[in-house]
Amino acid sequence: METELHLPSTNSHILAQLVYRIAQTDGEFTTQIPGLKMYRRSNTTDPMPCIYGLGLGLTVQGGKRVTLGDEIFDYGPGQSLVTSVDLPVVSYVTHANSTHPFLGMGLALDARAIAQIASDMTFSDPLRASASLAISVVTLDEGILDAVIRLVRLLEEPHLIPLIAPLIQQELIVRLLNGGHGPALRHLVVAGSASQQIARVISWLKQHYTENISIDDLATKAHMSASTFRQHFRTVAGMSPLQYLKHLRLQDARQLMLNEDIDASSAAIRVGYESPSQFSREYTRLFGAPPLRDIKRVRLIS
């Protein structure tokens, strides 16, 4: 049994203590609250391509870096990260050791709940008409921190989770919309906005990425010209539509090889590649090693 952290009783340290009690060893920990996960790492990690979904992320202790295309986001205690659409990012822990491990948490958010709550709110600042990047890092608001602490503490009363957790999650959405993350989330739900149109295309891509897809077809779905679509897509997602599609396919192929123990050629075909050699080249560029070597490495780490 590990000894508990002995920290002053500020809200940030209270949250660190709560996460530490759940994440007593390195790894990812799901909880009884849907969409709420905890993370712990005792060492810095290598850059790892992954998909960040719509949600709130907190570094409770240590430090983390997330890159999206050419954009770099470093965030630590006292900061919060929100992604408003699914984004292929590269994420890694930058500050952690055995005595001061990285502690983090993530909470998935519901787009329909955000849209409903936003429609009932009044905002003083009008939104810019142009699209905006679907990821933001801002100073952690004390109201959000307090609500997160109450949500995590609810794990100690599991019988109350179905009744109270949705209320706290609604409060968090209100506070996020009203704070520094508000513009990115509001762009997601404003009817007819460029960001919303791109978000709808991204949602469609997640379901159809194995198909033969043209940029013109995607632009039509967004009710934009091909050039305008490319511009807005890059603004929101931090990369071109083709790069995004490639990331979706390669990420899914990796999971197929890990979870179903299939070979690289079979995985390539399953996710929409016609050329196994092209798949291997692009896989190596993204993950830093050919498929077979990468899968062996990931299994050793986990």
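Just so you know, all these numbers are worked out from the coordinates, no wet-lab data involved. This is a predicted model, so every value here is computed, not measured. Ideal geometry is used to build each Cβ from the backbone, glycine not excepted, and the neighbour counts take in all protein chains shown.
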Average Cα contact separation per residue, region 1-93, under 8 Å, 6 or more apart, as relative contact order %: 26 percent
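Please work out whether region 89-201 counts as rounded, prolate or oblate from its C-alpha gyration tensor, where a ≥ b ≥ c are the square roots of the eigenvalues and a/c under 1.5 means rounded, while otherwise a/b larger than b/c means prolate and anything else oblate?
Since a/c reaches 1.5 but b/c is at least a/b, the shape of region 89-201 is classed as oblate.
Given the -39500 (n - 2.57) contribution per DSSP H run of 4+ residues, what per-residue ellipticity at 222 nm results for the chain, rounded to the nearest 500 deg cm²/dmol?
Value at 222 nm, helices only: -14500 deg cm²/dmol.
Does region 243-301 come out rounded, prolate or oblate, given a ≥ b ≥ c as the square roots of the eigenvalues of its C-alpha gyration tensor, rounded meaning a/c under 1.5 and, failing that, prolate meaning a/b above b/c?
Values: a/c = 1.57, a/b = 1.31, b/c = 1.19.
It is prolate, given that a/c is not under 1.5 and a/b is the larger ratio.
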GluC sites (Glu not before Pro) within region 254-302, DSSP loop, no more than 10 other Cβ atoms inside 10 Å: Glu274
Residues of type lysines that Lys246 reaches as a straight line, Cα spacing below 26 Å, ignoring anything fewer than 8 places off in the same chain: Lys64, Lys206, Lys221, Lys296
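Just want to confirm a number: the relative contact order over the chain, from Cα pairs under 8 angstrom separated by 6+ residues, in percent.
Relative CO of the chain lands at 15 percent.
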16 Å Cα-Cα reach of Lys37 towards aspartates and glutamates, excluding residues that sit fewer than 8 places from it in its own chain: Asp26, Glu28, Asp110, Glu156
Inter-part distance where region 136-160 and region 262-302 are each reduced to a Cα centre, Å: 38 Å
Calculated P(r) of region 11-187 - Cα pairs past 20 Å, %: 52 percent
Radius of gyration and maximum dimension Dmax of the chain, Cα, Å: 20.1, 60
